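Novice: Got a structure here, written out as structure tokens. Questions coming.
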Amino acid sequence: MSTWTAGLIILIVKLAVVLVVLLLLAAYLVYAERRLLARLQIRLGPNRAGPWGLLQPLADIIKLLTKEDTVPAGADRPIFLLAPAVVAGTALLIFAVVPFGAGWQWQGRPIPGVISDLNVGLLYVFALSSLGVYGVALGGWASNSKYSLLGGIRGAAQMISYELALGLSLAPVVMAAGSFSLVDIVQAQANYPFLLTQPLSFLLFLISGMAEIKRIPFDIPEAENELVAGYHTEYSGMRFGLYFLGEYVTMVVLGGLVAVFFLGGWRGPWLPPLVWFFVKVGAMVLVMIWIRAALPRLRYDQLMMFCWKFLIPLALLNIMAVGGLLLWARA
């Protein structure tokens, strides 16, 4: 077997495995969140479909697939039908550069623990995360509904604003690692995770990332008490499900990015690297669920003011402080 053919087979296998794992994690993350929220709110949560409700994700998928897929009168049909796929597709593609292990050997050939180790991996992440806003904005606009349109406009403004804070929060990480490659960033944490040296960058990234994926308390584009369901009000069936698939896949991706940038990625004692990576991702996902259960939704003006008047100035000051410390340390 030629080197090119072996490399192609390895790439296809990794793509298939990562895709299946991400979809399964997203499906059962919905179940886990509903159960955890129920416990935190002194309820039971889903517990009828299968033992302990473990078949609830399967029941939800069957329900979404069998529901009627409606298109509102006056909607821009092609854009209306494609918008949910943009959200889910960009979320899945981001994981292509997230390293999830140290690598393995197969027939004497090294298999990297990442689908594609780009030397500009961080820029790839930002490019795809900014493309996700099109799925929200276009879905809201194409629905021919004032509620959906308002939700889409809110989503676009929110995601563009917090994208700035998200990027600025990672500038100190790039300065410390000296690379845009996510693998190199993990390698730079061989002695200690960046969480210990850059806790402010960690908080800024986590807050901005939660706003990017529209998690409570940042779910202004949906705001069911104001906009029915916001940008996805007119969606039904599996297209409605694609929006939520994108949200929960992005939760896993955000947990993976936090693990890579601040928690040392796959590094850790005793346990295998792949296990360490998913433990860290699971811990961050639990934090996001806990925050959803504990905090109320912000008003739209509070949300935007928090980004422009607090997060972005704080991120700029953090860059200056970290840059000064690095120059002092290397002098």
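The values are calculated or read from the model by the stated rules, or taken from the named source; none is laboratory data. If you're wondering where the values come from, they're calculated on a predicted model, not measured in any experiment. Counting neighbours? That spans all protein chains shown, and the Cβs are built from the backbone with ideal geometry, glycine included.
Novice: Consider only pairs whose beta carbons are under 6 Å apart and that are at least six residues apart or on different chains; among these, list those whose first residue lies in the stretch 289-311 and is without any contact (Cβ under 8 Å) to a residue 40 or more places away in the chain and whose second residue is assigned to a helix (DSSP H, G or I) and of a type in the set (A, V, I, L, M, F, W, C).
Specialist: Sorted first by the residue in the stretch 289-311, then by its partner, the list stays empty.
Novice: Kindly indicate whether L37 is at negative phi and loosely packed, with under 14 Cβ neighbours inside 10 Å.
Specialist: So L37 fails the test.
Novice: From the list L170, L182, L164, L195, which one is surrounded by fewer than 20 Cβ atoms within 10 Å (Cβ to Cβ), aliphatic (A, V, I, L, M) and within 17 Å of G264 (Cα to Cα)?
Specialist: L195
Novice: Condition first: farther than 18 Å from V97 by Cβ and either surrounded by fewer than 21 Cβ atoms within 10 Å (Cβ to Cβ) or among the acidic types (D, E) (or both). Can you find one or more residues in the stretch 245-258 that meet it?
Specialist: Checking the stretch 245-258: at least one residue is farther than 18 Å from V97 by Cβ and either surrounded by fewer than 21 Cβ atoms within 10 Å (Cβ to Cβ) or among the acidic types (D, E) (or both).
Novice: Starting from residues that are farther than 23 Å from S130 by Cα and buried (at least 21 other Cβ atoms within 10 Å of the Cβ), keep the ones in the stretch 198-233 and report whichever is farthest from the chain's Cα centre (by Cα).
Specialist: Among those residues, the one meeting the criterion is L227.
Novice: Moving to a separate point now. For the stretch 249-291, give me the residue count where each residue is under 16 Å from A188 (Cβ atoms) and polar (S, T, N, Q).
Specialist: 0
Novice: Mind listing whichever residues of the stretch 235-286 are in a loop (DSSP other than H, G, I, E, B), out of contact with any Lys or Arg (no Cβ under 8 Å at 6 or more places or on another chain) and within 22 Å of G89 (Cα to Cα)?
Specialist: Y235
Novice: Can you tell me how many residues within the stretch 175-197 are of a type in the set (A, V, I, L, M, F, W, C), more than 24 Å from L316 (Cβ to Cβ) and more than 22 Å from the chain's Cα centre (by Cα)?
Specialist: Total satisfying the criteria: 1.
Novice: To continue, here is another question. Given (1) at pLDDT below 75; (2) over 18 Å from L131 (Cα atoms); (3) touching a helix residue (DSSP H, G or I) at 6+ places or on another chain (Cβ under 8 Å), where does F240 come up short, assuming only one miss?
Specialist: Of everything listed in (1) at pLDDT below 75; (2) over 18 Å from L131 (Cα atoms); (3) touching a helix residue (DSSP H, G or I) at 6+ places or on another chain (Cβ under 8 Å), F240 misses just condition (1).
Novice: Just a yes or no: is a residue in the stretch 222-234 in contact with an Asp or Glu (Cβ under 7 Å, 6 or more places away or on another chain), assigned to a helix (DSSP H, G or I), more than 25 Å from A283 (Cβ to Cβ) and not assigned by TED's automatic domain parsing to the domain that holds A27?
Specialist: yes
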